[in-house]
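This report refers to the structure that appears directly beneath it.
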Amino acid sequence: MKTFFRKNKEYLSLMERSNKRKDILLLIMSGILLGISFPPFPFPFTLLMFIALIPYFYVIEKRTSLAKINRATYLTFFVFSVITLYWVGSWQKQTDPFLMIAGGVLLFFNPLLFLIPSTLLYMSRKIFPRNITLFLFPLFWVTYEYLYMITDLHFPWLILGHGLAKFTVFIQAADTIGAVGLSIVVLLINIFLYKAIVSFRKKRNKSVYHFSAGLIIFTIFIIYGFYRLSTFKISTKTIRVGVVQPNLNPWNKWTTNNLSKLTVKYLTLSKKAVEKGAKLIVWPETAYPVFLFDGNYENTVDSIYSFIQENNVYLLTGMPDVRFYMNKSKMPPHAVKSVNGNYYYTTYNAILLLSPNTRLLQRYAKMKLVPFGERVPFVNQLSFLGSLFKWGVGLSGWNVGRDTVN
């Protein structure tokens, strides 16, 4: 038995062990650089996105097996996920344990999605010459991003194009190529710079051409951005907006016995905004920890509408929202049957617009929900998952919005 394990154990020389450690450090570096290039890190950290994948490319270009390429990919994007998604689990003393579990699952699950482009890259090496396969990587990457946006895993704010949000000049081209097009551009610049570095180390003349190609692409988008910004006409119409964000312990808010105190705080701060000329008041996401408009909180609803009417202002607020359906033919496909079976209902993480002189609500139901934090992926197909990750007022079990506004 000992002989068997010795024969199958991979013994590494000192040089090989040193190279392995260097590769691990390069992969971690790539994940860190990419992670801190995304918001909320300020510009100019965004510029790191254009070089962040160079260490990653250096490692995977040396690896020949699918397992080794995917292990390298998982490590890089696990580090990236920790930096960009750590907040989902809200790692605090009072945090609901189910939310922390969901956040932990997301951290380990999200990097698996990046194995899509790395696997496609490996497969392309079987078909195309090795020297051009890396240039196909942007196509494989946007395949992953597209699937990321349209499936139940949708988490589109982590695509590369959206990560450029603070680079105002560069993102103007999104009016033509969209956010996914920007992702392709970012990847191409990374690839050209990587090729330039490799060629320079090998003392090849191609390094100048590769570097120039990356620089030209970057410059073209900068020039176009300045052109768009200089020719864009800003509307002369203005409206004063009051943004209300109370200094609250978020976990204390999720106790229903604080509704009256919460309402007083919101309306007091809103009044200050009105006194400064605000015509539209904005309250935070899930401003109340209940389905305020389900018919059980009329006193609170009346006090809010009285404020709106008296001050002639509009209120835009995030709110848990529930819809009831008595007629099966008119309900959405994923409505849930009530316990007593008399009706069906759906719940949403929504935005509501309350207007003076009418109690007709305008609603928008969030369509891109945080995986595991706001909705468990594929819960409609695997219903038992819903009971594993559930906390708060339906959180982790919201329905996906099916409309734009109504």
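Each reported figure results from applying straightforward, stated rules to the coordinates on display, with no laboratory input. What you see is a predicted model, and the numbers here were worked out from it, not measured in a lab. Neighbour counts run over all protein chains shown; Cβ positions are idealised from the backbone, glycine included.
What is the distance in Å between the Cα centroid of the range 102-169 and that of the range 307-350?
35 Å
In square nanometres and to one decimal, what's the mean projected area of the convex hull around the Cα atoms of the range 108-266?
Working: hull surface 63.5 nm².
Mean orientational projected area (the range 108-266, Cα hull): 15.9 nm².
Based on alpha-carbon atoms only, what is the radius of gyration of the range 12-231 relative to the globular estimate 2.2 N^0.38 Å? Present the calculation step by step, with values, prior to reporting the outcome.
On the way: Rg = 18.1 Å, N = 220, 2.2 N^0.38 = 17.1 Å.
Compactness ratio reported: 1.06.
Once Rh is set to the Kirkwood radius over Cα pairs, what Stokes-Einstein translational diffusion coefficient, in µm²/s, holds for the range 25-69 at a temperature of 37 °C and a viscosity of 0.692 mPa s?
The calculation lands on 296 µm²/s.
Based solely on its DSSP helices, what 222 nm [θ] is calculated for the chain when runs of n ≥ 4 H residues each add -39,500 (n - 2.57) and the sum is averaged over all residues, nearest 500 deg cm²/dmol? Present the calculation step by step, with values, prior to reporting the outcome.
On the way: 14 runs with 196 residues, N = 406.
One gets -15500 deg cm²/dmol as the mean residue ellipticity at 222 nm.
Please rank Met367, Met49, Met15, fewest neighbouring Cβ atoms within 10 Å first, as an exposure proxy.
Sorted ascending by nearby Cβ count, the order is Met15, Met367, Met49.
Just to be sure I understand the curve: with the Debye formula and one point per C-alpha of the chain, what is log10 I(q)/I(0) at q = 0.07, 0.13 Å⁻¹?
Values returned for q = 0.07, 0.13 Å⁻¹ are -0.46, -1.22.
Using the 2.2 N^0.38 Å rule of thumb for compact globular proteins, work out how the range 66-155 stacks up: its C-alpha Rg over that value, please.
1.30
Could you list His334, His162 in order of exposure, starting from the residue whose Cβ has the fewest other Cβ atoms within 10 Å?
Values: His334 12, His162 18.
Ascending number of Cβ neighbours within 10 Å: His334, His162.
Have a look at Val336, Ile281, Ile116 and report the one farthest towards the positive end of the charge dipole of the chain, computed about the Cα centre with Cβ charges (Lys/Arg +1, Asp/Glu -1).
Ile116
Helix by helix, which DSSP H runs in the chain go 15 Å or more along their axis at the Cα atoms and have an average Kyte-Doolittle hydropathy of 0.0 or more?
Helices meeting the criterion: 14-36, 66-85, 97-113, 137-150, 174-201, 206-231, 259-275.
Report the local net charge at Phe137: Lys and Arg +1, Asp and Glu -1, summed over other residues whose C-beta lies under 13 Å from its C-beta.
Within the 13 Å Cβ shell, the charges total +1.
When we measure straight from the Cα of Lys237, which lysines land under 27 angstrom away, once same-chain ones fewer than 8 places off are left out?
Lys166, Lys271, Lys272, Lys276, Lys279
Counting only C-alpha contacts under 8 Å and six or more residues apart, can you give the relative contact order of the range 12-231 as a whole percent?
18 percent
Suppose every Lys and Arg Cβ carries +1 and every Asp and Glu Cβ carries -1, with no other charges. What dipole size does the chain come out with about its Cα centre, to the nearest 20 debye?
My answer is approximately 1720 debye.
Which percent of Cα-Cα pairs in the range 190-312 sits in each 5 Å bin, short to long?
Result, from short to long distances: 2, 9, 12, 12, 9, 6, 5, 5, 7, 8, 8, 7, 5, 3, 1, 0 percent.
Against the 2.2 N^0.38 Å scaling, with N counting residues, where does the range 272-352 land? I'd like the Cα-based Rg ratio to two decimal places. Intermediate values should be presented prior to the final figure.
Numbers: Rg = 15.8 Å, N = 81, 2.2 N^0.38 = 11.7 Å.
Expressed relative to 2.2 N^0.38 Å, the Cα Rg reads 1.35.
Residues with beta-carbon under 14 Å from that of Tyr266, excluding Tyr266: net charge, scoring Lys, Arg +1 and Asp, Glu -1?
Numbers: positive: Lys253, Lys261, Lys265, Lys271, Lys272; negative: Glu285.
Counting the neighbours of Tyr266, the net charge comes to +4.
Taking the mean number of other Cβ atoms within 10 Å as a proxy for protection, how do you rank 53-63, 238-248 from highest to lowest? Walk me through the numbers before you get to the answer.
Numbers: 53-63: 20.3, 238-248: 12.6.
Top of the packing list down: 53-63, 238-248.
Could you tell me which of the pairs Lys62/Lys202; Lys20/Lys68; Lys22/Lys206; Lys22/Lys203; Lys62/Lys195; Lys22/Lys62 are separated by over 18 angstrom between their Cα atoms in the structure shown?
Among Lys62/Lys202; Lys20/Lys68; Lys22/Lys206; Lys22/Lys203; Lys62/Lys195; Lys22/Lys62, the Cα-Cα distance tops 18 Å for Lys22/Lys206; Lys22/Lys203.
How would you order 124-137, 168-181 from highest to lowest mean count of nearby Cβ atoms within 10 Å?
168-181, 124-137
So what's the net charge close to Gly242: Lys and Arg +1, Asp and Glu -1, counting the other residues with Cβ under 11 Å from its Cβ? Display every interim value, and only then the final one.
Working: positive: Arg240, Lys271, Lys272, Lys276, Lys279; negative: Glu275.
Neighbour charge sum, excluding Gly242 itself: +4.
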